[in-house]
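> Mind having a look at this structure? Questions to follow.
The values are calculated or read from the model by the stated rules, or taken from the named source; none is laboratory data. Note that the structure is a prediction, hence the values are computed from the model and not measured. No Cβ is skipped: glycine too gets one built from the backbone with ideal geometry, and neighbour counts run over all protein chains shown.
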Amino acid sequence: MDDEGVLRSVGPRLRQLRLEQEATLSDLAEETGISVSTLSRLESGQRRPTLELLLPLARAHRVALDELVDAPETGDPRIRSKPVERHGRTFISLTRRPGGLQSFKMVMPVDRDPRPTLQTHEGYEWLYVLSGRIRLVLGSRDLVLEPGEVVEFDTRTPHWIGNPGPTPAEVLAIFGPQGERMHVRS
């Protein structure tokens, strides 16, 4: 597809994303700061998409910019993320798309102080134990999870996750946007 064809395809793609999210033009205007008339003209192809318009729209729709313009695939599809250490735990990102759900491999050392400090925040989490054991205190429940076990929970429920030992634990984790910020970013 030539450049003009790519630009013409942006409007219908924006409309499709908005309708999939069951959002109105007014909802999107409020979230992005772009006027309803500009959004309408973009979707109908009467306005040429610009980077200044596409960046907030990509954020609002939680898609990568290249997905909005249907850019051809480039480069190596393998994800080569650098491990990040936070609060003594190692996080390895398994996704590279901005926004939305984020997945990580977590390596959790044995807790030196196993006393739980329960926290709450917006979001949702899913954890799968690869090796070792993890302890999850979720509200009034106190669970020890073994390899192959999975939990999912609303993070508005007071919770704490730790490693009771005797070895480090490896966990696959999927966090909603708020949960990912809470646990990975400082």
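> Looking only at the stretch 143-174, count how many residues are in contact (Cβ under 8 Å) with a residue 24 or more places away in the chain, among the small types (Gly, Ala, Ser) and surrounded by fewer than 18 Cβ atoms within 10 Å (Cβ to Cβ). Before you say what the answer is, go through the steps one by one.
We begin by selecting, within the stretch 143-174, every residue in contact (Cβ under 8 Å) with a residue 24 or more places away in the chain; these are 150-174.
Okay, now just the ones that are also among the small types (Gly, Ala, Ser), so 162, 165, 169, 173.
Within this subset, residues satisfying the condition of being surrounded by fewer than 18 Cβ atoms within 10 Å (Cβ to Cβ) are 165.
Final tally of qualifying residues: 1.
> So Arg41 clears everything in (1) part of a helix (DSSP H, G or I); (2) under 19 Å from Glu67 (Cβ atoms); (3) among the basic types (Lys, Arg) except one condition, right? Which one?
Evaluating Arg41 over (1) part of a helix (DSSP H, G or I); (2) under 19 Å from Glu67 (Cβ atoms); (3) among the basic types (Lys, Arg) leaves (2) as the failure.
> Moving on. Sort out which residues of the stretch 118-127 are surrounded by 14 or more Cβ atoms within 10 Å (Cβ to Cβ) and touching a Pro at 6+ places or on another chain (Cβ under 9 Å), and write them in order of number.
Within the stretch 118-127, just Gly123 meets the criteria.
> Does the stretch 149-160 contain any residue that is more than 30 Å from Arg62 (Cβ to Cβ) and basic (Lys, Arg)? Outline the logic, then answer.
Going residue by residue through the stretch 149-160, those that are more than 30 Å from Arg62 (Cβ to Cβ) are none.
No, every residue in the stretch 149-160 fails to be more than 30 Å from Arg62 (Cβ to Cβ) and basic (Lys, Arg).
Residues checked against (1) within 22 Å of Gln102 (Cα to Cα); (2) part of a loop (DSSP other than H, G, I, E, B); (3) touching a Ser or Thr at 6+ places or on another chain (Cβ under 9 Å):
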site: Asp113; (1), (2), (3): no, yes, no
site: Pro116; (1), (2), (3): no, yes, no
site: Glu122; (1), (2), (3): yes, yes, yes
site: Leu127; (1), (2), (3): yes, no, no
site: Asp142; (1), (2), (3): no, no, no
site: Pro147; (1), (2), (3): yes, yes, yes
site: Val151; (1), (2), (3): yes, no, no
site: Thr157; (1), (2), (3): yes, yes, yes
site: Ile161; (1), (2), (3): yes, no, no
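> Going residue by residue through the stretch 30-37, is there one that turns out to be buried (at least 17 other Cβ atoms within 10 Å of the Cβ), out of contact with any Ser or Thr (no Cβ under 9 Å at 6 or more places or on another chain) and of a type in the set (Ser, Thr, Tyr)? Please lay out each step first, then the result.
The initial filter retains those residues of the stretch 30-37 that are buried (at least 17 other Cβ atoms within 10 Å of the Cβ), namely 32, 34.
When the remaining residues are screened for being out of contact with any Ser or Thr (no Cβ under 9 Å at 6 or more places or on another chain), the result is 32, 34.
After this cut, where a residue has to be of a type in the set (Ser, Thr, Tyr) as well, the list is 32.
Among the residues of the stretch 30-37, at least one is buried (at least 17 other Cβ atoms within 10 Å of the Cβ), out of contact with any Ser or Thr (no Cβ under 9 Å at 6 or more places or on another chain) and of a type in the set (Ser, Thr, Tyr), which makes the answer yes.
> For the stretch 164-186, which residues satisfy the criterion of being closer than 14 Å to Asp154 by Cα and either among the aliphatic types (A, V, I, L, M) or modelled with pLDDT of 90 or more (or both)?
Ala173, Ile174, Met182
Quick grid of which residues meet (1) basic (Lys, Arg); (2) at pLDDT 85 or above; (3) part of a helix (DSSP H, G or I); (4) within 26 Å of Leu94 (Cα to Cα):
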site	(1), (2), (3), (4)
Ser9	no, no, yes, no
Leu14	no, yes, yes, no
Pro49	no, yes, no, no
Leu54	no, yes, yes, yes
Ala71	no, no, no, yes
Pro77	no, no, no, yes
